[in-house]
Amino acid sequence: MKRAALTLAALAAPLSAAAQDTGELVRFVSCPIYRDTDAGRKSGCWLADDRESGRRYDVTNSPYKPDWNRAVLVEGRVSDAPSDPCGSPVLDPVRTSTLMDQNCPRHMIPAEGFPGHPYSLPPRNIAPLSVERKAPEGPFSETTFHLFFEFDRSFLVYQYDDYLIDRAATWIRAARPKRLVVTGFAAAQPETVSGRTLAERPDVARERAEAVALTLERLIPGIAIETRWETESPPVDLPDADTIPGQSQRRADIRAVF
């Protein structure tokens with residue numbers, strides 16, 4: 001009887017993380033959970049359960065915010081940040097890509113005494129266009145800039161991609177290359193994550209290249225732009241991908257040619 005009671009208690013308990021090494025990479029598919037808090041503006045928490053490991057993580061720091069009607073692909077590294085704000089170990093860096101083909105029930109839990117994360121500007125925060133950009137100094141040579149995307153999407157994410165593209169455009173205006181080559185990539189090779197087979201559409205590589213090219217045409221009128229796309233996209237080590245291999249595969253490159 002006592003053993004049965006313990007089993008029921010274990011099933012009823014929320015998922016939590018056992019001790020893990022800081023920096024450990026985790027990757028799983030989950031229905032997102034929103035923890036309501038009353039500690040101020042935008043203080044609520046986004047959580048996600050890795051059912052295979054039995055751990056719940058705080059994924060609030062993702063630049064891509066979940067849609068609680070849809071499943072998310074979670075990719076992140078275990079942080080040494082305290083779990084006090086939301087009650088779960090923090091993933092940072094982290095990405096949560098919405099999977100449009102899998103519906104989820106809306107899942108909200110009360111604050112339960114957790115204050116949440118106080119609002120702060122993200123590390124990659126674009127200044128208003130009225131603010132003058134400091135022009136980079138030469139000499140200039142062939143350079144490649146990178147933009148990143150959610151799984152199977154070509155949408156330029158606010159306060160992430162627009163920051164990166166603004167930085168690229170500022171450099172391009174000063175360097176004045178002959179042309180730009182924009183190459184979109186898609187992670188089209190199937191992978192199994194949490195029992196699901198995931199693969200990006202090959203067409204999303206073209207969509208990413210065209211979305212970035214259109215943005216650059218508006219920011220830098222008159223510059224020559226060539227678009228290309230590739231569906232073979234192995235992970236590469238790029239600083240703004242924040243050491244997340246899957247993020248580096250879902251990208252568009254802007255190469256300035258002199």
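The values are calculated or read from the model by the stated rules, or taken from the named source; none is laboratory data. No experiment lies behind these values; they were computed from the predicted model shown. No Cβ is skipped: glycine too gets one built from the backbone with ideal geometry, and neighbour counts run over all protein chains shown. Heavy atoms of the whole protein, side chains included, go into the accessibility calculation; ligands, DNA and RNA do not. Shrake-Rupley method; radii C 1.70, N 1.55, O 1.52, S 1.80 Å.
Amide H to amide H, with H built 1.01 Å from N, CYS104 comes under 5 Å of ARG70, ALA71, counting only residues 5 or more places away or on other chains. For segment 80-90, putting each phi into the Karplus relation 6.51 cos²θ - 1.76 cosθ + 1.60 with θ = phi - 60° gives couplings of 8, 5, x, 8, 4, x, 10, x, 9, x, 8 Hz, in residue order, rounded to whole numbers and with x for Gly and Pro.
Just to check I understand the Karplus step: with θ = phi - 60° and J = 6.51 cos²θ - 1.76 cosθ + 1.60, what whole-Hz values come out for segment 55-67, glycine and proline as x? Each residue of segment 55-67 in turn: 10, 10, 10, 8, 10, 4, 6, 5, x, 9, 7, x, 9 Hz.
Expressed as a rounded percentage, what relative contact order does segment 37-129 have, with Cα pairs under 8 Å and six or more residues apart? List each step's numbers first, then the result.
On the way: 169 pairs, mean separation 31.5, N = 93.
The value is 34 percent.
The H on the amide N of LEU156, modeled in the peptide plane, is under 5 Å from the matching H of no residue at least 5 residues off or on a different chain.
If you wrap the tightest convex hull around every Cα atom of segment 85-127 and split its volume per residue, you get 137 Å³. Computed about its Cα centre, the charge dipole of the chain is approximately 320 debye, with only Lys, Arg, Asp and Glu carrying charge at their Cβ.
Rg of the Cα atoms in segment 138-258, relative to 2.2 N^0.38 Å, amounts to 1.06. Per the Debye calculation on the chain with a single equal scatterer at every Cα and no solvent contribution, log₁₀ I(q)/I(0) for q = 0.16 Å⁻¹ amounts to -1.21.
Would you kindly calculate the translational diffusion coefficient of segment 110-172, applying Stokes-Einstein with the Kirkwood radius from alpha carbon pairs, for 25 °C and a viscosity of 0.890 mPa s, and quote it in µm² s⁻¹ without decimals?
Values: Rh = 14.7 Å.
D = 167 µm²/s.
Note on segment 23-167: percent of Cα-Cα distances in each 5 Å bin, starting at 0 and stopping at the bin with the largest distance, equals 2, 9, 16, 19, 19, 14, 9, 6, 4, 2, 1, 0.
Rounded to the nearest 10 square angstrom, TYR34 shows an accessible area of 60 square angstrom against a 1.4 Å probe. For the chain, find the longest principal axis of its Cα atoms and tell me its angle to the long axis of helix 2-12, 0 to 90°, nearest 10. So the inclination is approximately 30 degrees. Amide H to amide H distances under 5 Å link GLU226 with LEU180, VAL181, VAL182, where only residues 5 or more positions off or on other chains count and H is placed in the peptide plane. The order of ASP84, ASP161 by accessible area, most exposed first and with a 1.4 Å probe, is ASP84, ASP161.
Within the full protein context, the accessible area of ARG153 is estimated at about 80 Å² for a probe radius of 1.4 Å.
Judged by the mean number of other Cβ atoms found within 10 Å, the most tightly packed of the peptides 167-174, 90-97 leads the ranking 90-97, 167-174.
Measuring between their Cα centroids, segment 229-258 and segment 93-172 lie 15 Å from each other.
Relative to the longest principal axis of the chain, what angle (0 to 90°, nearest 10) does the C-alpha long axis of helix 203-219 take? Relative to the chain, helix 203-219 is tipped by roughly 60 degrees. What is the angle, in °, between the Cα long axis of helix 161-175 and the longest principal axis of the Cα atoms in the chain? Nearest 10 is fine, range 0 to 90. Its long axis makes an angle of about 20 degrees. Taking the full set of protein chains and a 1.4 angstrom probe, give the accessible area of GLU142 in square angstrom, rounded to the nearest 10. Only protein atoms counted, so the area is about 110 Å².
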